[in-house]
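Trainee: Submitted below is the structure of interest, expressed as structure tokens.
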Amino acid sequence: MSASHPPVSVTAPEFGSGRGVAVTLSGLRRSYGSIHALDGLTLDIAPGEFVALLGPSGCGKTTALRVLAGLEDADSGRVEVGGKDITSVPTSARDMGMVFQAYSLFPHMTARQNVEFGLRLRRIPSTRRRARASEMLDLVELSDHADRYAHQMSGGQQQRVALARALAIEPQVLLLDEPLSALDAKVRVQLRDEIRRIQLEVGTTTLFVTHDQEEALAVADRVGVMRAGNLEQLASPHDLYARPATPFVANFVGLTNRLRTTVEGQHANLLGTSVPLLPGSVQRGAAVLLIRPESIAVKADPAGRATVLSASFLGSTGSLHAITESGEAVLAQIDNDAVATFHPGDRVCLVPRPNPALAIAVE
């Protein structure tokens with residue numbers, strides 16, 4: 001936390017003081033010289049909601065979390081939790097549980113002692129501390145690791161202990177800053193699902209910061225895509241992916257083809273097929289259609305007007321790269337068992353499915 005906080009007389013929150021509270025960030029601005037990390041950010045999180053902030057490096061997502069935590073001061077704006085203005089409240093009195101990329105376990109303490117740490121600071125009686133630690137270790141399925149030290153546990157196990165420690169004090173808000181990025185892919189998937197299970201069970205309002213699209217879409221009630229210190233779009237994972245509000249969101253979340261088209265009213269003409277348009281699209285004339293690979297069907301056709309460049313097996317799905325007669329590259333998603341039926345040089349017909357897409361002006 002920066003040293004610019006004015007003196008505030010606030011005692012540490014009581015153990016078990018609350019969960020599932022509303023969080024409001026209003027007009028937050030934070031600059032580092034000429035760089036605007038937050039540029040008027042406003043975000044409302046409902047009680048018990050799990051919101052993920054997603055975006056490229058430098059977009060302001062971690063700064064937003066650190067301002068909410070009290071680890072940094074905003075230049076202007078307001079932070080409210082449970083209807084109370086905590087903008088000037090120091091970190092130690094904000095009643096928040098935090099889990100970061102680094103596991104940050106105390107190496108000289110066992111898993112149980114780490115989980116008990118916040119309770120000890122709150123002078124919770126030892127019997128109650130031990131019971132609560134046991135409850136939390138059971139919640140993260142590490143009861144049999146209670147007496148192990150950090151060096152005796154895997155990275156995933158250490159992060160589970162860090163999560164248990166954050167939840168042990170029953171914080172009003174749980175803050176997760178890239179908590180899975182240091183783990184290997186398989187463990188990340190397992191632990192992200194565990195975090196969501198635990199959050200649903202406990203009901204704590206949660207803000208999760210990540211650069212990983214799959215993580216954000218898999219665990220959050222709503223996902224906010226940030227760019228240049230502000231929100232481009234805040235929506236459910238499905239709406240964010242299927243109904244991007246801006247070209248930046250369409251390009252940043254998932255894979256997107258950019259194909260030339262002509263627009264008339266609420267539809268675009270693409271590869272001889274009429275495609276419905278999303279709100280915010282160009283209304284008339286030449287445009288570029290941002291369309292997902294799964295929204296393009298591929299049919300083998302000797303008279304087709306596209307040529308296969310490659311077909312790849314990706315496990316649960318397959319992908320096909322083709323080029324149209326006009327020279328546009330197209331990526332389509334295909335069934336994994338269809339990959340072997342397509343070969344470089346094959347002629348195919350590309351047929352857009354009737355999924356709404358975003359049309360933008362030609363650059």
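The values are calculated or read from the model by the stated rules, or taken from the named source; none is laboratory data. None of these values were measured; they are calculated from a predicted model. Cβ: placed from backbone, ideal geometry, glycine included. Neighbour counts: every protein chain shown.
Trainee: Within segment 167-187, track down each residue that is in a helix (DSSP H, G or I), closer than 18 Å to Ala102 by Cα and touching a Gly at 6+ places or on another chain (Cβ under 8 Å).
Mentor: Selection gives Leu167, Val187.
Trainee: If a residue has to be surrounded by 16 or more Cβ atoms within 10 Å (Cβ to Cβ) and either more than 23 Å from Gly20 (Cβ to Cβ) or under 18 Å from the mean Cα position of the chain (by Cα) (or both) to count, how many in segment 156-187 make the cut? Spell out the reasoning first.
Mentor: Taking segment 156-187 and keeping what is surrounded by 16 or more Cβ atoms within 10 Å (Cβ to Cβ), we get 156-180, 182-183, 187.
Those still in the list that are either more than 23 Å from Gly20 (Cβ to Cβ) or under 18 Å from the mean Cα position of the chain (by Cα) (or both) too: 156-159, 161, 163, 173-180, 182-183, 187.
Going through segment 156-187 one residue at a time, the tally reaches 17.
Trainee: Kindly check whether there is at least one residue in segment 126-141 that is assigned to a strand (DSSP E or B) and at pLDDT 95 or above. Spell out the reasoning first.
Mentor: Restricting attention to segment 126-141, the residues satisfying the condition of being assigned to a strand (DSSP E or B) are none.
Looking for residues that are assigned to a strand (DSSP E or B) and at pLDDT 95 or above, one finds none in segment 126-141, hence no.
Trainee: It is to be established whether one or more residues within segment 126-147 are over 26 Å from the mean Cα position of the chain (by Cα), aliphatic (A, V, I, L, M) and within 24 Å of Ser92 (Cα to Cα).
Mentor: Yes, because at least one residue in segment 126-147 is over 26 Å from the mean Cα position of the chain (by Cα), aliphatic (A, V, I, L, M) and within 24 Å of Ser92 (Cα to Cα).
Trainee: Could you list, in sequence order, the residues of segment 172-185 that are out of contact with any helix residue (DSSP H, G or I) (no Cβ under 9 Å at 6 or more places or on another chain) and touching a residue at least 12 places away in the same chain (Cβ under 8 Å)?
Mentor: Gln172
Okay, residues lined up against (1) outside the structural domain of Ala218 (by TED's automatic domain parsing); (2) at negative phi; (3) modelled with pLDDT of 95 or more:
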residue	(1), (2), (3)
Pro6	yes, yes, no
Ser17	yes, yes, no
Ser31	no, yes, yes
Ser34	no, yes, no
Asp44	no, yes, yes
Val51	no, yes, yes
Ser57	no, yes, no
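Trainee: Next question, about the same structure. Taking the condition polar (S, T, N, Q) and modelled with pLDDT of 95 or more, does Asn257 pass?
Mentor: So Asn257 fits the description; yes.
Trainee: List the number of the failed condition for Asp44; all other conditions in (1) touching a residue at least 40 places away in the same chain (Cβ under 8 Å); (2) among the charged types (D, E, K, R); (3) surrounded by fewer than 17 Cβ atoms within 10 Å (Cβ to Cβ); (4) closer than 15 Å to Ala220 by Cβ hold.
Mentor: For Asp44, the exception is condition (1).
Trainee: Only one residue in Ser104, Ser76, Ser57 is surrounded by fewer than 23 Cβ atoms within 10 Å (Cβ to Cβ), within 30 Å of Asp144 (Cβ to Cβ) and small (Gly, Ala, Ser). Which one? Steps first, please.
Mentor: Working: Ser76 fails: within 30 Å of Asp144 (Cβ to Cβ); Ser57 fails: within 30 Å of Asp144 (Cβ to Cβ).
Only one candidate passes the filter, namely Ser104.
Trainee: Any idea which of (1) of a type in the set (S, T, N, Q); (2) surrounded by 18 or more Cβ atoms within 10 Å (Cβ to Cβ); (3) not assigned by TED's automatic domain parsing to the domain that holds His36 is the one Thr63 doesn't satisfy?
Mentor: (3)
Trainee: Another one. Kindly provide the set of residues from segment 290-300 that are assigned to a strand (DSSP E or B) and under 32 Å from the mean Cα position of the chain (by Cα), ordered by number.
Mentor: Narrowing segment 290-300 to residues assigned to a strand (DSSP E or B): 290-291, 296-300.
Listed by number, the residues that qualify are Leu290, Ile291, Ile296, Ala297, Val298.
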